[in-house]
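See structure below.
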Amino acid sequence: MGLMIEVQVARLAPERFEQVLEEDSYRRFAAGVARAGDTFAGRVIWNINSTARGGGVAEMLQSLLSYARGAGVDARWMVIEGTPEFFAITKRIHNLLHGFPGDGGPLGPHERRVYGDVADRNADELSRLVRPNDVVILHDPQTAGLCRAMIDAGAVVVWRCHVGVDIPNDEVRTAWRFLRPYVKPAHAYVFSRLGYAWSGLDRERIVVIPPSIDAFSPKNQDLDGATTLSILAAAGLVDAEATAPATFEREDGSPGTVVRRAELHGTSGPPSLVDRLVVQVSRWDRLKDPVGVIRAFAEHVTADDDVRLMLAGPSTRSVADDPEGAEVLAESREAVCALPPRIRRHVHLASLPMDDREENAAIVNALQRHATVVLQKSLAEGFGLTVAEAMWKARPVVASRIGGIQDQIVDGETGLLVDPTDGRAVGHAVTELLQDHPRAEHMGQRARNRVRAEFLGPRHLLQYLELLDGLQARP
């Protein structure tokens, strides 16, 4: 184990949201921004998680903390360090919290010692930085073991759980039993949905705050058609000749250029410019069911020659807290190789470069914008930021009727919800949108409007401000 890492966070002007919010919404947001600097003067808001890149939590932290700093709040981000065995245990817990057995390993006394040792080392280091009356927001199972030490340091402590299920099973309760002693001392517990809240926690400390996306980040900023294709061509994801620079705007306002290429796994080259793409973007995780996506597409999506499937995820060499990623990618490659040759050439697996986080985000942005249909066939999902991202880009989305995805999509109006275990239903929903372009386009526009109203950063920031105001007022 090394030292904890501090992630550098930019300062972004909250005023830019006036461009995208309705007038009343922006007025409420501006009032909150005005009081935030005074409320937290002389205090630091620490956010602690387990990775600086890869996954929705890291993306949200980068965005929300940048706007908090732009509002005059001293918001900082630290990443804990851990051993390979620690991350194997926390991945096991992650799967259990979703109701799946994961690697099937135990959560016994040995695992508690490994978990506690890593937590104690990180807590010792963080305790030297945190001052009384600072705020510490701990994210997900990897950081739960820091709660007591941060309270002892005099901080206001919030534990934020980004995962969960509405109907817990024995696997879920096993994870709760392991984590609950670490979590209980926190002053507040934040969940994405009320149904995710654990039994055995003080109900008065439970707060529901759904996630959000940043409309101006490289992943979600507007791109014109020529720039979109040029980025995809530069990344090797579409066989096309660039007609514009493959550029995007970085978070600090400086220009960025896509220069790194994705790694395509398979026997065929990239899709052509005229191909219609069905796209799923996610980590290489069994809960995202990439093998199930491949089979549903191969067996039930229209056999039109110009329809292609692309599964895209981060390079597995770059996500430190997910030891299963390489295994899942290998399983996906095997599933593609098992397809008949005629169908195999319609399926593409892409590992996206992660050397430059913002470049990666720009590639995802272009890929989602170029998609004819965006798919998110997760077996379990705390929220599913990729759904909101695609909706913001006015893409028609087919997604699982589970978890927080149900809070985003109004079935039949802003997307289609399906049973993720029913490959035929998934395939038919995708085919329906491929064949009915006017309906798909109308659905995409309504989806963008829903994200504007419900799932952008200002709502998220105001809810945190309200929570922390209330905690500060308590004895």
Study note, to complete from the structure: Taking the stretch 198-256 and keeping only residues that are under 30 Å from residue 140 (Cβ atoms), in a loop (DSSP other than H, G, I, E, B) and over 21 Å from the mean Cα position of the chain (by Cα), one is left with 198, 199, 200, 201, 202, 235, 252
Check your understanding: Between a first residue in the stretch 329-348 that is more than 21 Å from residue 237 (Cβ to Cβ) and a second residue that is of a type in the set (A, V, I, L, M) and surrounded by fewer than 16 Cβ atoms within 10 Å (Cβ to Cβ), which pairs have beta carbons less than 9 Å apart while being 6 or more apart in sequence or on different chains?
Key -> 342/303
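Would you pick out the residues in the stretch 380-396 that are small (Gly, Ala, Ser), modelled with pLDDT of 95 or more and either buried (at least 24 other Cβ atoms within 10 Å of the Cβ) or not in a loop (DSSP other than H, G, I, E, B) (or both)? It would help to see each step written out before you state the result.
Start the filter on the stretch 380-396 by keeping residues that are small (Gly, Ala, Ser), which leaves 380, 382, 384, 388, 390, 394.
Within this subset, residues satisfying the condition of being modelled with pLDDT of 95 or more are 388, 390, 394.
Of everything in the stretch 380-396, those that are small (Gly, Ala, Ser), modelled with pLDDT of 95 or more and either buried (at least 24 other Cβ atoms within 10 Å of the Cβ) or not in a loop (DSSP other than H, G, I, E, B) (or both) turn out to be 388, 390.
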Check your understanding: Are there any pairs with C-beta distances below 7 angstrom linking a residue in the stretch 228-239 that is farther than 15 Å from residue 263 by Cα to a residue that is assigned to a helix (DSSP H, G or I) and open to solvent by 10 Å² or more (accessible area, probe 1.4 Å), with the two at least 6 apart or on different chains, and if so which?
Key -> 228/369; 228/370
Study note, to complete from the structure: Residue count, the stretch 185-199, condition open to solvent by 30 Å² or more (accessible area, probe 1.4 Å) and under 24 Å from residue 106 (Cβ atoms), comes to 1
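For residue 302, are the conditions met, namely being open to solvent by 10 Å² or more (accessible area, probe 1.4 Å), farther than 21 Å from residue 380 by Cα and polar (S, T, N, Q)? Full working, then the answer.
On the way: open to solvent by 10 Å² or more (accessible area, probe 1.4 Å): yes; farther than 21 Å from residue 380 by Cα: yes; polar (S, T, N, Q): yes.
Spelling it out, residue 302 is indeed open to solvent by 10 Å² or more (accessible area, probe 1.4 Å), farther than 21 Å from residue 380 by Cα and polar (S, T, N, Q).
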Check your understanding: How many residues, within the stretch 380-398, are under 15 Å from the mean Cα position of the chain (by Cα) and not aromatic (Phe, Trp, Tyr)?
Key -> 11
Exercise for review: Name every residue in the stretch 411-432 that is open to solvent by 50 Å² or more (accessible area, probe 1.4 Å) and assigned to a loop (DSSP other than H, G, I, E, B), in order of residue number.
Suggested key: 413, 419, 421, 422
Practice item. Working carefully through the options 31, 52, 41, find the one that is out of contact with any Phe, Trp or Tyr (no Cβ under 9 Å at 6 or more places or on another chain) and under 22 Å from residue 129 (Cα atoms). Key: 41
Review point. Do you know which of the residues in the stretch 7-18 that are touching a residue at least 40 places away in the same chain (Cβ under 8 Å) and out of contact with any Phe, Trp or Tyr (no Cβ under 7 Å at 6 or more places or on another chain) is least open to solvent (accessible area, probe 1.4 Å)?
Key: 10
Review point. Here are some conditions: (1) open to solvent by 20 Å² or more (accessible area, probe 1.4 Å); (2) farther than 30 Å from residue 186 by Cβ; (3) part of a helix (DSSP H, G or I); (4) in contact (Cβ under 8 Å) with a residue 12 or more places away in the chain. Residue 438 meets all but one. Which one does it not meet?
Key: (4)
Review point. Among the helices (runs of 4 or more DSSP H) confined wholly to the stretch 73-184, which include 2 or more residues that are free of Cβ contacts under 8 Å to residues at least 12 places away in the same chain and open to solvent by 10 Å² or more (accessible area, probe 1.4 Å)?
Key: 109-127, 170-183
Check your understanding: In the stretch 229-248, which residues are open to solvent by 10 Å² or more (accessible area, probe 1.4 Å) and either of a type in the set (S, T, N, Q) or within 28 Å of residue 189 (Cβ to Cβ) (or both)?
Key -> 243, 247
Revision key, fill the gap. Exactly one of 350, 362, 399 is touching a Phe, Trp or Tyr at 6+ places or on another chain (Cβ under 7 Å) and either open to solvent by 20 Å² or more (accessible area, probe 1.4 Å) or aliphatic (A, V, I, L, M) (or both), and that residue is 362
Check your understanding: If you take the residues of the stretch 338-357 that are at pLDDT below 95 and not in a loop (DSSP other than H, G, I, E, B), which of them is nearest to residue 268 (Cα to Cα)?
Key -> 344
Review point. If you go through the stretch 56-67 one residue at a time, do you hit one that is without any contact (Cβ under 8 Å) to a residue 60 or more places away in the chain, open to solvent by 20 Å² or more (accessible area, probe 1.4 Å) and of a type outside the set (S, T, N, Q)?
Key: no
Practice item. Kindly indicate the residue of the stretch 251-290 that is open to solvent by 30 Å² or more (accessible area, probe 1.4 Å) and among the aliphatic types (A, V, I, L, M) and also farthest from residue 395 (Cα to Cα) among those meeting that condition. Key: 259
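The values are calculated or read from the model by the stated rules, or taken from the named source; none is laboratory data. Here the structure is a predicted model, which means the values were calculated and not measured. All Cβ positions, even for glycine, are placed from backbone atoms using ideal geometry, and neighbour counts span all protein chains on display. Note: areas computed on protein heavy atoms with side chains; ligands, DNA, RNA excluded. Shrake-Rupley method; radii C 1.70, N 1.55, O 1.52, S 1.80 Å.
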